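Engineer: Got a structure for you, questions after.
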Amino acid sequence: MFRKTLLSLLGRITTGLGGVALLVTLIDILYGVVTRYVVGQAPIWSDELARYCLIASALLIAGNVWVRGEHMRVALLERKLGNIARQILLGYQWLLTLALCVAMTWWSWHYALSVSYFTSQGLGISRTIPMLAMPLGFGLLALQVLLYGPRPLPQTGDVSPDVAEDAS
């Protein structure tokens, strides 16, 4: 029960933050279009801010999308295997996903810190600030994968009892 509550709370928070980043992107792009075609000159920072916010929104919601099984994947083999082989495959998939997320968190953290001496061209801020979206996003994904555990991900139209129980 605690696990489901925590996953649900993390999902709501990350989706909300991703939505805010997407809203900032939308407002920024609209501002850029208006200033370019009405005023005649767009601010130099507009495209860069939109790019950073779009990346941040995708990384922030990645964990929630994974937990809900809404990312693109093929589960044909998972459905056709027997129970023991299926459990082994699910454990392997979970462990591989967790290892990749932790590795990407570590790597992107070090990368974000390594670019602290550089400033972005448009915004004029340290490149570390927008790059921190990567370790934050991968870290949240790793946490959500860890909390979810090596169980089947929910899928549309799947009626197996363990998936239906997890999806509810």
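The values are calculated or read from the model by the stated rules, or taken from the named source; none is laboratory data. For clarity, every value in this text was computed on a predicted model and none was experimentally measured. Please note: Cβ atoms are built from the backbone with ideal geometry, for glycine as well, and neighbour counts cover all protein chains shown.
Engineer: Got a sec? Which of 25, 35, 119, 105 is more than 26 Å from residue 155 (Cα to Cα), among the β-branched types (Val, Ile, Thr) and touching a Leu at 6+ places or on another chain (Cβ under 7 Å)?
Structural biologist: Numbers: 35 fails: touching a Leu at 6+ places or on another chain (Cβ under 7 Å); 119 fails: touching a Leu at 6+ places or on another chain (Cβ under 7 Å); 105 fails: touching a Leu at 6+ places or on another chain (Cβ under 7 Å).
Going through 25, 35, 119, 105 in turn, just one is more than 26 Å from residue 155 (Cα to Cα), among the β-branched types (Val, Ile, Thr) and touching a Leu at 6+ places or on another chain (Cβ under 7 Å): 25.
Engineer: Looking only at region 70-86, how many residues end up being surrounded by 10 or more Cβ atoms within 10 Å (Cβ to Cβ), among the basic types (Lys, Arg) and more than 22 Å from residue 146 (Cα to Cα)?
Structural biologist: Of the residues in region 70-86, the ones surrounded by 10 or more Cβ atoms within 10 Å (Cβ to Cβ) are 70-71, 73, 75, 77-79, 81, 85-86.
Keeping just the survivors that are among the basic types (Lys, Arg) gives 73, 79, 86.
Okay, now just the ones that are also more than 22 Å from residue 146 (Cα to Cα), so 79.
So the answer is 1.
Engineer: Another question, then. For region 115-128, state whether one or more residues are surrounded by 17 or more Cβ atoms within 10 Å (Cβ to Cβ) and under 17 Å from the mean Cα position of the chain (by Cα).
Structural biologist: No - not one qualifying residue is present in region 115-128.
Engineer: Scan region 91-110 for residues that are exposed (fewer than 15 other Cβ atoms within 10 Å of the Cβ) and either of a type in the set (S, T, N, Q) or free of Cβ contacts under 8 Å to residues at least 40 places away in the same chain (or both) and jot them down. Walk me through how you get there before you give the answer.
Structural biologist: Quick first cut of region 91-110, residues exposed (fewer than 15 other Cβ atoms within 10 Å of the Cβ) only: 91-92, 95-96, 99-100, 103, 106-107, 110.
The answer is 92, 96, 99, 100, 103, 106, 107, 110.
Engineer: Pick out the one residue from 16, 11 that is without any contact (Cβ under 8 Å) to a residue 12 or more places away in the chain and within 15 Å of residue 59 (Cα to Cα). Don't jump to the end; show me each part of the working.
Structural biologist: Working: 11 fails: without any contact (Cβ under 8 Å) to a residue 12 or more places away in the chain.
After applying the criteria, what remains is 16.
Engineer: Tally up the residues in region 1-19 that are among the aliphatic types (A, V, I, L, M) and surrounded by fewer than 13 Cβ atoms within 10 Å (Cβ to Cβ), please. First the steps, then the outcome.
Structural biologist: First, the residues of region 1-19 that are among the aliphatic types (A, V, I, L, M): 1, 6-7, 9-10, 13, 17.
Retained after the next criterion (residues that are surrounded by fewer than 13 Cβ atoms within 10 Å (Cβ to Cβ)): 1, 9.
Number satisfying all stated conditions: 2.
Engineer: Among the helices (runs of 4 or more DSSP H) contained in region 1-108, which hold 3 or more residues that are modelled with pLDDT of 90 or more and within 25 Å of residue 134 (Cβ to Cβ)? Give the derivation first.
Structural biologist: Values: elements: 2-34, 46-67, 76-80.
Of the helices (runs of 4 or more DSSP H) lying wholly inside region 1-108, those with at least 3 residues that are modelled with pLDDT of 90 or more and within 25 Å of residue 134 (Cβ to Cβ) span 2-34, 46-67.
Engineer: For the structure I just gave you, tell me whether residue 147 is surrounded by 12 or more Cβ atoms within 10 Å (Cβ to Cβ), touching a residue at least 24 places away in the same chain (Cβ under 8 Å) and hydrophobic (A, V, I, L, M, F, W, C).
Structural biologist: For residue 147, the condition - surrounded by 12 or more Cβ atoms within 10 Å (Cβ to Cβ), touching a residue at least 24 places away in the same chain (Cβ under 8 Å) and hydrophobic (A, V, I, L, M, F, W, C) - is met.
Engineer: Here is a follow-up. From the set of residues in region 29-69 that are farther than 21 Å from residue 148 by Cβ and of a type in the set (Gly, Ala, Ser), which is surrounded by the fewest Cβ atoms within 10 Å (Cβ to Cβ)? Give the steps one after another, and end with the answer.
Structural biologist: Just the residues of region 29-69 that are farther than 21 Å from residue 148 by Cβ, to begin with: 29-57.
So of that shortlist, the ones also of a type in the set (Gly, Ala, Ser) come out as 32, 40, 42, 46, 50, 56-57.
Details: 32: 17, 40: 7, 42: 15, 46: 19, 50: 19, 56: 23, 57: 23.
Of everything passing the filter in region 29-69, 40 is surrounded by the fewest Cβ atoms within 10 Å (Cβ to Cβ).
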